[in-house]
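Here's the structure we're looking at; comments come further down.
The values are calculated or read from the model by the stated rules, or taken from the named source; none is laboratory data. Owing to the predicted nature of the structure, the values given are computational and were not obtained by experimental measurement. With ideal geometry, Cβ positions are generated from the backbone for all residues, glycine too; neighbour counts draw on all protein chains shown.
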Amino acid sequence: MTALLQIKDLYAGVAENKKEIIKGLNLTINAGEVHAIMGPNGAGKSTLSYLLAGKSDYEITSGKIDFDGKDLSELTTSERANAGIFLSMQYPVAIPGVSVSSFLKHAVNAKRKYAGLPELDAAEFLKVLRTAAKELGVSAEMLKREINVGFSGGEKKRLEILQMRLLEPKLAILDEADSGLDIDALRIVAEGVNRLHNKDNALLIITHHLDLLNLIEPDFVHIYADGHIVRSGDKSLAEALEKDGYKSFLEA
């Protein structure tokens with residue numbers, strides 16, 4: 001297997017006050033794998049997702065992150081996205097005045113330009129967009145709307161899956177993608193993610209609930225506490241958490 005992401009003895013935290021949140025994290029994710037991270041609130045799970053995506057509020061104090069053969073610390077946020085890292089945020093932001101279709105066209109062409117490919121013109125992109133939107137049940141009306149303005153939780157998540165479909169990331173990080181979704185919306189999101197996952201990419205799912213992992217089958221489940229992984233296993237680990245909570249694992 002080919003390692004897409006290798007995190008080695010990582011310490012990191014908030015850049016402004018130097019507060020350390022990630023403490024000695026080690027994790028390897030190979031192409032084709034699905035990893036789930038579960039842990040109590042405040043453990044540093046979202047910090048990890050922000051750090052990988054390149055959010056400027058966070059910085060590495062020691063350790064190393066390699067992504068697809070590159071030192072991640074040397075890449076800007078934009079370069080990480082173009083290199084194949086995608087973050088599905090827990091709370092997607094609204095962008096008034098920018099339509100969904102216009103945003104997606106610029107995102108797709110930015111990645112094509114980075115890869116040395118010709119940009120798609122309006123007609124070419126519209127054809128690609130309509131095909132992808134139809135696959136994911138995204139209406140033509142939704143594509144005309146301003147990004148996430150007045151969107152329901154399910155619509156916001158569906159838009160993020162549409163972005164994944166168009167950008168074809170090598171590593172998709174889903175930060176509590178199940179947050180605020182009813183069972184029907186959750187199923188739509190999971191079906192979209194499963195359709196996109198293949199042997200050449202990988203998923204890192206951050207979640208509190210077994211429901212999502214019943215729909216997107218993980219290869220590995222990691223319990224994350226106090227900034228590092230305290231236990232790893234298969235899906236049965238998530239099932240035990242659902243039944244007994246974190247206490248016994250954290251005490252051990």
Quiz prompt | Candidates 239, 191 - the one that is modelled with pLDDT of 90 or more, in a helix (DSSP H, G or I) and out of contact with any strand residue (DSSP E or B) (no Cβ under 6 Å at 6 or more places or on another chain) | solution = 239
Practice problem: Go through 172, 123, 140 for me and flag whichever is of a type outside the set (Val, Ile, Thr) and touching a residue at least 12 places away in the same chain (Cβ under 8 Å). | Solution: 172
Self-check item: Top-ranked residue in the range 26-57 [being part of a strand (DSSP E or B), more than 12 Å from the chain's Cα centre (by Cα) and in contact (Cβ under 8 Å) with a residue 40 or more places away in the chain; ranked as surrounded by the most Cβ atoms within 10 Å (Cβ to Cβ)]
Solution: 38
Exercise. Scan the range 172-190 for residues that are surrounded by fewer than 23 Cβ atoms within 10 Å (Cβ to Cβ) and under 26 Å from residue 109 (Cα atoms) and jot them down.
Key: 175
Quiz item: Mind checking which pairs have a first residue in the range 224-236 that is in contact (Cβ under 8 Å) with a residue 40 or more places away in the chain and a second that is outside any strand (DSSP E or B) and of a type in the set (Lys, Arg), Cβ under 9 Å, 6 or more apart or different chains?
Solution: 224/45
Practice problem: Could you tell me whether the range 164-174 includes any residue that is part of a helix (DSSP H, G or I), touching a Phe, Trp or Tyr at 6+ places or on another chain (Cβ under 7 Å) and within 25 Å of residue 101 (Cβ to Cβ)? | Solution: yes
Quiz prompt | Matching option when the condition is surrounded by 13 or more Cβ atoms within 10 Å (Cβ to Cβ), charged (D, E, K, R) and outside any helix (DSSP H, G or I), among 119, 79 | solution = 119
Quiz item: Taking the condition under 14 Å from residue 7 (Cα atoms) and without any contact (Cβ under 8 Å) to a residue 12 or more places away in the chain, does residue 69 pass?
Solution: yes
Quiz item: Do we have residue 125 as hydrophobic (A, V, I, L, M, F, W, C) and not in a helix (DSSP H, G or I) here?
Solution: no
Quiz item: When the range 14-25 is examined, which residues are found to be modelled with pLDDT of 90 or more and either over 23 Å from residue 177 (Cα atoms) or of a type in the set (Phe, Trp, Tyr) (or both)?
Solution: 23, 24
Quiz prompt | the range 143-161, subset in contact (Cβ under 8 Å) with a residue 60 or more places away in the chain and hydrophobic (A, V, I, L, M, F, W, C), residue surrounded by the fewest Cβ atoms within 10 Å (Cβ to Cβ) | solution = 159
